[in-house]
Amino acid sequence: MLTLPTSALSAESLEQNFQEVLPALSKREASIEANRCLFCYDAPCTHACPTHIDIPGFIKKIARDNVKGSARVILESNFLGSTCARVCPVEELCEGACVLGSDHKPIEIGRLQRYSTDFVLEKKLDLFKPAPSTGKKVVVIGAGPAGLSCAAELAKLGHAVTILERKPLAGGLSTYGIVVFREPVQVSLAEVEMVERLGVNIKTGVTVGVDVTLESLTSDYDAVFLSVGLGTVPSLGIPGENLLGVVDGIKFIEDTKTQAYSSIPVGKHVCVIGAGNTAIDAATIARRLGAESVTMVYRRSASEMTAYNFEFEFAKKEGIEYRFLSNPVAVRGTDSVTGLECVKMRLGAPDSSGRPRPEAIPDSNFVLECDMVISAIGQEKHQSLAQQLNLETKNGYIVTDAHNQTSRPGIYAGGDCVRVTGDASTVMAVQDGKIAARGIHAQMLEGMVSAND
Amino acid sequence: MADLSIDFCGIKSPNPFWLASAPPTNSGHQIHKAFEAGWGGAVWKTIGAPVLNVSNRYGTIKYNGQIIGLNNVELISDRPIEINLREIAEIKKLWPDRAVIASAMVESNPLAWKTIIQQIEDTGADGIELNYGCPHGMSERGMGAAVGQVPEYCEQITAWVREYSSIPVIVKLTPNVTNISASARAAVAGGAHALSLINTINSIVGVNLETFELSPNIGGKGGHGGYAGPAVKPIALHLMSQVALTEEVMRAKLPISGMGGIMNWQDAAEFLLLGASSLQVCTAAMLYGYRVVEDMIDGLSNWLDEKGIGSVNEIIGKSLPRISDFGDFDLSFKTVARVNPDSCIQCNLCYIACNDTEHQCIDLKRGEEVVMPGFDERDNGRIQATSSRPFPVVRESDCVGCDLCHNVCPVTGCITMVEVPSGRAPTTWRQLSAERPEVTQDWEAMKRYRAEVGIDIH
C-alpha cells in the first residue's frame, strides 16, 4: 500500500520542536512581572477578558506569593484558566487593553495566569467544592471547553452533571485541536480531571443519536447543554482531492496531539489551503515535523485573513511562505500528490462578508509543486442535532438568547456551535458555558420553588 | 562644574560624600578602595571596647522586590584596636585630601576616653565621631545609645573628649529618643564641634513565616537591631532639620553631617537643603558597592550646574526656613487637582483613592456623562474595553486639594495640583486662635466662621 513518508527528523529534535513556545515563568520572573502591574481599578484587562477574570486581583496575589489564592480568583471566573492562559489571543483581549501598553510593555497576563493555574493543576488542588445536592440533573453534550465550563459551574452549585463525549478523550479542541507547542495534551486532561473531581460524570466514546437517543436525554434530565462544536473540514470540491497526500487540517493537528510525532506522515513540500488559525497551525506543524517548504495558499490578500495577526507573524518567523490571491483549482498527481494547480485572483467589489470578492483572472493558472496538500478551509456545522431537536439556527449556527438558551426551553447551547467563525475562541466558549450554567441554574431553581409551592 | 568641596568644622573633603561608620569602613583595604571610587571621606567603623559578633547579622524589608530597609545587629569593629589604628594612619598618609574620621566608643569613664583619644590623635585622623547611637549590643553595656539617650551622659562624655582632644569632635545622635533637640543641646553644652545624625532606628525587621524565626535569625533567636536604608530617609530628614533648627545648635553654628537612607544624589540634595553640610552613606554602598558614589557626585554636580549654583555650600539649609509649625500654615491657600487627559492612562488609581479614602470628588466621565465603574458582561475584547473606558475628571468645586490623587498617579506630570484663589484673606490657625479663639474651640462658632468666609466641606 502506498503511504506518505513520515518525518525524517530524529525523535529528539521532534520532541524539541513540539515543546511549548513560551516557557513557564519562574517564581522570580512571575514576581517581577506581577510587581509591574499597577493594580488598576475597574481594570480594562478585566473588561476585555470575555470571562472577566479579576486580573489585577490575581496578579497582586502572585506578587504577595499567594499563588493558590491567585488561582482561585482565576478559576472562579474561568474554570479552564490554564488552557486560556496558553491559547487566548491576549493581544486582542486582556494584554491588548493593558494601560501600560500605550507607552510601555503590557503585563504578561497570560503567562502569569499560567503560573498560577499550573500551580494548582500540578498539585491537584481542589479549590472548589460542590454545594449540597439539589437533586437536579443536567446533561452536557460535548466535553469541549464550553461543556466543561458549564458542567463545572453547575456542579459547584450542587447539580448532578453528566457529560457525553463522542471522542475517546474529553477536552474537545484543547485536547485535540490546539497545537502541542501552544498547549500540551496533559494540561487539557488535568483540567478535565479537575472537573471530574467536582463530581461531574464524563462518559467518553458516546455518540448521541447512536449510543443514546436524544429523546431519552430530554426526558431523563432537567436541562440539556449542547456544546458540540463544529465538524470536519468540508471537501475542497476540486479534482484530485482524494489523492494520497491530501489531508484534513483538523485531523493533521489531532494526530500530533495523540500520536508519536515520528509516526505522522508529512510531505517535503507542503501546500496549505486556507488562511485561518487552523491553517496556520497546520502549516507550522508541518514545518516542525520537518517539511522543507510550506506554502499557504489563500484566494484573498493578507488583509482579509481571519487568522490573528500574532499567528500570522509567528508563521512568518517559522519560515512559512504565502501565496495570496491564489485559488486552488485542482490537485495534480496520479496516485499521490505532485502539485497544486491554482488560478490567480484579483479583488473585486465587497461580498456579503464585507470583504472584497476575489475573482479569478482568466488564463492565469500555475502549479505549485508539492507532495502534500492540507485543507483548512473551515469546518462543517453539526446540523443534524439541531434539526432533530428542532432548534432554530442561522447559517448553520444554533440561535441562543441572552442566557444561552436555544429556541427550545430547557435546552441551552454554547461554544463553536453557536458562534460565528472569527468570534470563536476557547475563552468565549468558557463564558458561554458559564452563562448557560447560570441560566440553567436559575431555571431549575424556579422549578424547585414552584414545585415546593 | 560646581564646586563640591566642603569644609566641615575644619575637616576638608573634595566632595560631601562620606562613608558612614559601618561595615563599609571596616578596614584600610576597604577604605582605600572606596577612596579610589571617589568617596570624599570615611568615618572608620567604630573602634573601642572588645566585642564578639554573631551570625546572622542582617535583615531586610523589600517592597515590590526592592530593598527599602536594612536592619543589622552587627557591633562595632571586632578587629583588634591596634590594627585599626595602624590602618587609619596608613590611609590618612595615602589620602591626605580625603576626610578620615575615627569613630569611637568606650566605657563611660574618663581614663578609657583619654586613652582612645590619644591613640586616635596619633594616627593623624582629621576628626573624631562619638558613637552615641548604636542601638543594640553596645547599649546593653552602657555605651552607644545608652549614652545618647541620656542628655547628662552625653554632655559629660563630650566634655571629657573635648578636654583630651585637639581635633574636631563630632557627636553622633541616636534617633531612638522622644525629643532629639535635648540630645543636641547636651552635645552643644559638652562642647561638640559638630553633630551627625541619624544613627540607626530600633527595629525588628521581620518574622520568617516558614519557621516563625525572627530576621536576622541567630540560632533560633533574634532581637531588635538598627534600621537603615531608604525607608528611614523621611525620619532622618525630620530629625536632622529639627536639630538644625534647635536654638542652641543655631547659635553655636554647629555643622551637621546628615545621614539616613541617602541612596542617590537627589536624596543627598534634600539633606543639604535641610541643613546637612556633609553627608554620610552606608546602606547604598552595602547594597551596591562603593561605585554608587560616582552618580552621587555626577548627579549632584549636574543639578547644581543646571540651577546655576557654583558651590554645594550655597544650598546648605536653603529649605530650612520653609519648615513651619502647622499653626503657621496659611489656611486660605487652596489647590485643586487637575488630570491631564492627554497623558492619563486610565488606570483609575486616582479615582479609587479619592472615592474610597478621600473626598469623593473624582468622577469617571465618558464625554460629559458621568458613568459608574463596571461594564456590560457581554462586552469584551481590547477595542470595546479601551474605546469605552471613561476618564477620571476632578469635580473642582468639591476638591479639598488633599494631593492624594497626584501622589498615587503612576504617570509623572499627569495630575497637577493647581493653586486657585480661595477668595479668603490669608490667615493661620495661630492668628485665628488669637483673634477669634471661640472659632478654634467651639464647633458652632466654627460653623458660623465657615459660613462667613465661605468654607464649604461636603
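The values are calculated or read from the model by the stated rules, or taken from the named source; none is laboratory data. The structure presented is a predicted model; accordingly, all values stated were derived computationally and were not measured. Backbone-built Cβ (ideal geometry, glycine too); neighbour counts: all protein chains shown.
Here are the numbers:
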quantity	calculated
Selected residue (only one of A:SER384, A:SER353 is without any contact (Cβ under 8 Å) to a residue 12 or more places away in the chain and either under 24 Å from the mean Cα position of the chain (by Cα) or not in a loop (DSSP other than H, G, I, E, B) (or both))	A:SER353
From B:CYS414, B:CYS402, residue being in contact with a His (Cβ under 8 Å, 6 or more places away or on another chain) and over 25 Å from A:HIS52 (Cβ atoms)	B:CYS402
When residues of region B:121-143 are limited to those that are out of contact with any Lys or Arg (no Cβ under 8 Å at 6 or more places or on another chain) and either touching a residue at least 60 places away in the same chain (Cβ under 8 Å) or not assigned by TED's automatic domain parsing to the domain that holds B:GLY41 (or both), the one nearest to B:ARG98 (Cα to Cα)	B:GLY127
Top-ranked residue of region A:48-65 - restricted to ones that are part of a loop (DSSP other than H, G, I, E, B) and not polar (S, T, N, Q), ranked as nearest to the other protein chains (Cβ to nearest Cβ)	A:PRO50
Filtered residue count, region B:385-408, keeping only those that are in a helix (DSSP H, G or I) and at the interface with another protein chain (Cβ under 8 Å from one of its Cβ atoms)	2
Breaking point among (1) in a helix (DSSP H, G or I); (2) within 13 Å of another protein chain (Cβ to nearest Cβ); (3) surrounded by 17 or more Cβ atoms within 10 Å (Cβ to Cβ), for A:ILE32	(3)
B:CYS350 vs. criteria touching a strand residue (DSSP E or B) at 6+ places or on another chain (Cβ under 9 Å), of a type outside the set (A, V, I, L, M) and outside any helix (DSSP H, G or I)	no
Positions within region A:179-212 being within 26 Å of A:LEU127 (Cα to Cα), out of contact with any strand residue (DSSP E or B) (no Cβ under 8 Å at 6 or more places or on another chain) and among the aliphatic types (A, V, I, L, M), in sequence order	A:VAL185, A:VAL187, A:LEU189, A:ALA190, A:MET194, A:LEU198
Within region A:404-421, tally of residues that are in contact (Cβ under 8 Å) with a residue 40 or more places away in the chain and over 20 Å from B:GLY381 (Cα atoms)	6
Meets criteria (crowded, with 16+ Cβ neighbours inside 10 Å and more than 21 Å from the chain's Cα centre (by Cα)) for A:GLY319	no
Selection count, region A:170-210, where residues are touching a residue at least 40 places away in the same chain (Cβ under 8 Å) and in a loop (DSSP other than H, G, I, E, B)	16
Single match in A:ALA442, A:ALA424 (criterion: out of contact with any Leu (no Cβ under 7 Å at 6 or more places or on another chain), of a type in the set (A, V, I, L, M, F, W, C) and free of Cβ contacts under 8 Å to residues at least 12 places away in the same chain)	A:ALA424
Residues satisfying the stated conditions in region B:353-384, i.e. of a type in the set (A, V, I, L, M), surrounded by fewer than 14 Cβ atoms within 10 Å (Cβ to Cβ) and either more than 9 Å from every other protein chain (Cβ to nearest Cβ) or under 26 Å from B:LEU404 (Cβ atoms) (or both)	B:VAL370, B:MET372
Subset of region A:16-31 (residues that are in contact with a Lys or Arg (Cβ under 7 Å, 6 or more places away or on another chain) and more than 13 Å from A:GLY110 (Cβ to Cβ))	A:ASN17, A:PHE18
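Residues checked against (1) within 14 Å of chain B (Cβ to nearest Cβ); (2) surrounded by fewer than 23 Cβ atoms within 10 Å (Cβ to Cβ); (3) under 30 Å from A:LEU169 (Cα atoms):
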| position | (1), (2), (3) |
| --- | --- |
| A:SER70 | no, no, yes |
| A:PHE79 | no, no, yes |
| A:PRO106 | yes, yes, no |
| A:TYR115 | no, no, yes |
| A:LYS124 | no, yes, yes |
| A:PRO132 | no, yes, yes |
| A:VAL138 | no, no, yes |
| A:GLY142 | no, no, yes |
